[in-house]
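The values are calculated or read from the model by the stated rules, or taken from the named source; none is laboratory data. Treat the numbers as computed from the prediction; the structure is a model and nothing was measured. Cβ placement follows ideal geometry from the backbone for every residue including glycine, while neighbour counts extend to all protein chains displayed. Note: accessible area is taken over every heavy atom of the protein model, side chains too, but ligands, DNA and RNA are not part of it. Shrake-Rupley method; radii C 1.70, N 1.55, O 1.52, S 1.80 Å.
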Amino acid sequence: MNSFFQQIIISRVKQTLRRKKKEINDENISNEVEIFKVNVIHLIKDFLLIIIGIVSAGFGLKGFLLPNSFIDGGAMGISLLISEITTVPLSILIVIINFPFIILGFSQIGKQFAIKSILAIIGLAIIVHFIPYPLVTSDKLLIAVFGGFFLGVGIGMAIRGGAVIDGTEVLAIYLSKKSGLTIGDVILLFNIVIFSFGAYILSIEIALYAILTYIVTAKTVDFIIEGVEEYTGITIISDESKKIRLMITEKLGRGVTIYTGKGGYGTKGHKLKNIDILYTVITRLEIARLRKEIDTIDSDSFIIMNKVKDTKGGMIKKRPLEKY
């Protein structure tokens, strides 16, 4: 059985080499097989994170928010609000409301991101519609806190898997490129509108609890994805810095700053060597893709991530992520 799958993989690798117009030899085949393995491992990991995310978000919605007529911010808040004033099922609204954001994400971030997000949103809709989660509590404070927590876990896990189940952030990234507003400003203004409608249609009390739910959700998302903000600065130290630089600039369409440094290790006189240190800034929706691409080139590279509140100029706000 292993030999059978190995032959399939090698056959696929040979097709890839022909498409890239590379020579078919043992070295190139071995390199492409390693890249294929890394891609498969990352794909499995991403979908496991997305599955955990949609299950958690479904629990937050059906176990806390939906049965008690609570709402949240973002596209999910719009879906919950409409479901409260109409007879349209929440599962259908989740797909309809998020669909325009995913189309926008296709042009701004990439094809793979859009496909993962569509599957994640459809998966969440199926879970919300078919899985009979138990009603956990009717205490309003607990509903706001824990409903927001489980929803935040779901959104955060989906982002770590390279997808979204709430498309508001995609819209915020797009509008921040077209205006002087930061991503945080756009999300805040968007949610002020939602909570205002919630106060008018439902009640001021529900709107206030919705704000609490949104705060808990947002903080949980930040915690789940290791505290990264809207943008993340990535420092990469690797012996394959040239290949990684070309990957970032040509494949991801992002800018790179190069520092010249010296690297060394050990305590017994290892000779220091010159090395190029790479620095780039990406949105947090692109972290999973970047890490996967780096692993295909040098799985032993040293990567440092720092919070970046916002950026001005450069490549990140001028070009969408290409060839995703």
Spacing of the two label points (7 Å from each Cα toward its C-beta) at N31 and L119, in nm: 2.8 nm
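With every protein chain left in place, what is the accessible area per residue of the chain in square angstrom, probe 1.4 Å? Numbers along the way, then the final one.
Details: 16850 Å² over 324 residues.
On a per-residue basis, 52 Å².
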Hydrodynamic radius of the chain per Kirkwood, over alpha carbon pairs, in Å: 21.5 Å
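Computing the accessible area with a 1.4 Å probe over protein heavy atoms, can you report the carbon and sulfur percentage for the chain?
Values: 10510 of 16850 Å².
Ligands and nucleic acids excluded, carbon and sulfur reach 62 percent.
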Most mobile listed residue (S117, S91, S11) in the chain, GNM with C-alpha springs under 10 Å: S11
Furthest towards positive pole of dipole, A144, L290, I201, structure part the chain, Cβ charges: L290
Folded to 0 to 90 degrees: helix 111-130 orientation relative to the chain principal axis, Cα: 40 degrees
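Keeping all protein chains in place and using 1.4 angstrom, which order do L208, L61, L171, L246 fall into by accessible surface area, from largest down? Walk me through the intermediate numbers first.
Values: L208 110, L61 0, L171 35, L246 60 Å².
In descending accessible area the options line up as L208, L246, L171, L61.
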Helix axis angle, 183-201 relative to the chain longest principal axis, alpha carbon, degrees: 20 degrees
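How do K307, K37, K116, K14 rank by accessible surface area computed with a 1.4 Å probe, from largest to smallest?
On the way: K307 135, K37 105, K116 10, K14 70 Å².
Most to least solvent-accessible, the answer reads K307, K37, K14, K116.
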Per-residue HN-Hα couplings for the range 10-20 [Karplus 6.51, -1.76, 1.60; θ = phi - 60°; Hz; x = Gly/Pro]: 4, 4, 5, 5, 4, 4, 5, 5, 5, 5, 7
Rough spin-label spacing in nm, given labels placed 7 Å along Cα→Cβ, for L188 and K21: 5.2 nm
GNM flexibility winner over the chain from D166, D26, D298 (Cα, springs under 10 Å): D26
Dipole-positive endmost among T16, A75, F36 within the range 1-98 (Cβ charges, Cα centre): T16
Angle between the chain longest axis and helix 287-297 axis [Cα atoms, degrees, rounded to 10]: 20 degrees
Per-residue ³J(HN,Hα) for the range 40-46, Karplus 6.51 cos²θ - 1.76 cosθ + 1.60, θ = phi - 60°, Hz, x for Gly and Pro: 5, 4, 5, 5, 5, 4, 4
Rounded FRET efficiency, nearest 0.05, which uses the C-beta distance separating L135 from S11 and R0 of 45 Å: 0.30
Global geometry of the range 1-159, whether rounded, prolate or oblate, following the gyration tensor of its Cα atoms and the 1.5 cut on a/c: prolate
Relative contact order (%) - criterion: Cα under 8 Å, at least six apart; region: the chain: 21 percent
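Assigning unit charges at the beta carbon (Lys, Arg +1; Asp, Glu -1) and nothing else, what dipole magnitude in debye, to the nearest 20, does the chain show about its Cα centre? Working shown, then result.
Details: 37 positive and 28 negative charges, 261 e Å.
Computed charge dipole of the chain: roughly 1260 debye.
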3J(HN,Hα) from dihedral phi, the range 168-177, Karplus parametrisation 6.51/-1.76/1.60, rounded to Hz, x for glycine, proline: 4, 5, 5, 4, 5, 4, 5, 5, 5, 6
Probe 1.4 Å - accessible area at E84, Å² to nearest ten: 60 Å²
